[in-house]
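Peer 1: Encoded as structure tokens, here's the structure I'll be asking about.
The values are calculated or read from the model by the stated rules, or taken from the named source; none is laboratory data. Just so we're clear, the structure is a prediction, and the values are computed from it rather than from any experiment. Note: ideal-geometry Cβ built from the backbone for every residue, glycine included; neighbour counts use all protein chains shown. These accessible areas exclude ligands, DNA and RNA; they are computed on the full protein's heavy atoms, side chains included. Shrake-Rupley method; radii C 1.70, N 1.55, O 1.52, S 1.80 Å.
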Amino acid sequence: VAGSPSRAVSTDGGATWAMETASDADAAAYVTRLLNTGTSITPAQISALDTFFLTGKSEGWYSELKRMYLPIWAAAAPNALCMVSGTSGSFAGTVDQTNPGYSQGDGTTGRFDFGVDPATLGLTFEDSMIGCLIAIVPTKAGRFVGSQTGSVPIEMGIQGAYAVRAYASSTAYILSIASLADLGGVWVHSRTASDTHKLFQLDDDGATETAGSATVAAGSVTTDIVGMCRSSGGYSNFTDAGFGAFYAGLGMTDAQAILFRGAVRTLWETSTGLSLP
């Protein structure tokens, strides 16, 4: 029933408890889908999810989200569930999903397919947002999330010697970093109707916001969005990073992107008990 709270049941030392805590209908629906996969959920996790959905709606960024995955549940089925649409993506290759809090590719074959392309979601080169939460920093260069059709991508990742490249056109925004250890945290790359695209990071040391300009590209991206590697009709540039979230949506304003970035961190840290690297 729309608006009904979610009911989570678990067993601890023979004592069974039941908690009804998700007041938001979308949060309740996501919790129900998780429970249907056999996932155990604590009251604190349900409360964190409820807060995330309610916060997003009150702050105005939730309506921009088209897909969001929270691969923290240590199993493929719940990790592949979209929090927003109710659909499921799919993992392929070698992905370690035994660790509560993140899923980690092997840097060679592991990937996560959203099962949908940017064009189908309404994303364009001048109106798009993609990103991820990196819980375990990679040991090599590779793409984090995105897709490419022809020569123009909507994607982000690390290329070359410590340079984060984010695209929403044929022109990349390039952010230089000191080392791979600086890649941890919440990443949001957003572009709105202007020629400016922005890259936001939030890690344990604080927040970063950078901006670059790009012309609007022709055409659209019709290749499935994929995490953990490059998706361009085939798969390449695999990363061995561990991810606590993937997401894609329409372009967010600066204020929305900053608020969303903080909400993703709070959700992940509260749900996992872990801290951003």
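Peer 1: Please verify whether THR215 is surrounded by fewer than 23 Cβ atoms within 10 Å (Cβ to Cβ), of a type outside the set (A, V, I, L, M) and modelled with pLDDT of 85 or more, treating the condition exactly as stated. Quick ask: steps written out before the conclusion?
Peer 2: Values: surrounded by fewer than 23 Cβ atoms within 10 Å (Cβ to Cβ): yes; of a type outside the set (A, V, I, L, M): yes; modelled with pLDDT of 85 or more: no.
Against the criterion (surrounded by fewer than 23 Cβ atoms within 10 Å (Cβ to Cβ), of a type outside the set (A, V, I, L, M) and modelled with pLDDT of 85 or more), THR215 does not qualify.
Peer 1: Considering each residue of the range 25-52, count those that are within 13 Å of CYS82 (Cβ to Cβ) and charged (D, E, K, R), and give that number.
Peer 2: Final tally of qualifying residues: 2.
Peer 1: When the residues of the range 199-237 are narrowed to those that are among the acidic types (Asp, Glu) and in contact (Cβ under 8 Å) with a residue 12 or more places away in the chain, which ends up farthest from SER151 (Cα to Cα)? If you could, list the steps in order and put the result at the bottom.
Peer 2: Initial filter on the range 199-237 (among the acidic types (Asp, Glu)): 203-205, 209, 224.
So of that shortlist, the ones also in contact (Cβ under 8 Å) with a residue 12 or more places away in the chain come out as 203-204, 209, 224.
Values: ASP203: 31, ASP204: 35, GLU209: 27, ASP224: 15 Å.
Filtering first and then ranking leaves ASP204.
Peer 1: How many of the residues making up the range 22-51 are open to solvent by 10 Å² or more (accessible area, probe 1.4 Å), in contact with a strand residue (DSSP E or B) (Cβ under 8 Å, 6 or more places away or on another chain) and free of Cβ contacts under 8 Å to residues at least 40 places away in the same chain?
Peer 2: Residues that pass the stated criteria total 4.
Peer 1: Considering each residue of the range 261-277, count those that are open to solvent by less than 60 Å² (accessible area, probe 1.4 Å) and not in a loop (DSSP other than H, G, I, E, B), and give that number.
Peer 2: Residues in the range 261-277 being open to solvent by less than 60 Å² (accessible area, probe 1.4 Å) and not in a loop (DSSP other than H, G, I, E, B): 10 in total.
Conditions (1) over 18 Å from ASP224 (Cβ atoms); (2) assigned to a strand (DSSP E or B), marked per residue:
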| site | (1), (2) |
| --- | --- |
| THR98 | yes, no |
| THR109 | no, no |
| MET129 | no, yes |
| ALA135 | yes, yes |
| SER147 | no, yes |
| MET156 | no, yes |
| ARG165 | yes, yes |
| SER170 | yes, no |
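Peer 1: In the set THR171, THR196, which member is touching a residue at least 40 places away in the same chain (Cβ under 8 Å) and either open to solvent by 30 Å² or more (accessible area, probe 1.4 Å) or charged (D, E, K, R) (or both)?
Peer 2: THR171
Peer 1: On to the next question. Considering only the range 142-163, state which residues are open to solvent by 10 Å² or more (accessible area, probe 1.4 Å) and either more than 20 Å from LEU276 (Cα to Cα) or at pLDDT below 90 (or both).
Peer 2: GLN148, THR149, GLY150, SER151, VAL152, GLN159, GLY160, ALA161, TYR162, ALA163, listed by residue number.
Peer 1: Can you find a residue in the range 100-117 that is polar (S, T, N, Q), farther than 20 Å from ALA28 by Cα and open to solvent by less than 30 Å² (accessible area, probe 1.4 Å)?
Peer 2: Yes, the conditions are met somewhere in the range 100-117.
Peer 1: To continue, here is another question. Among the residues of the range 52-71 satisfying the criterion of being among the hydroxyl-bearing types (Ser, Thr, Tyr) and crowded, with 18+ Cβ neighbours inside 10 Å, which is farthest from SER103 (Cα to Cα)?
Peer 2: THR55
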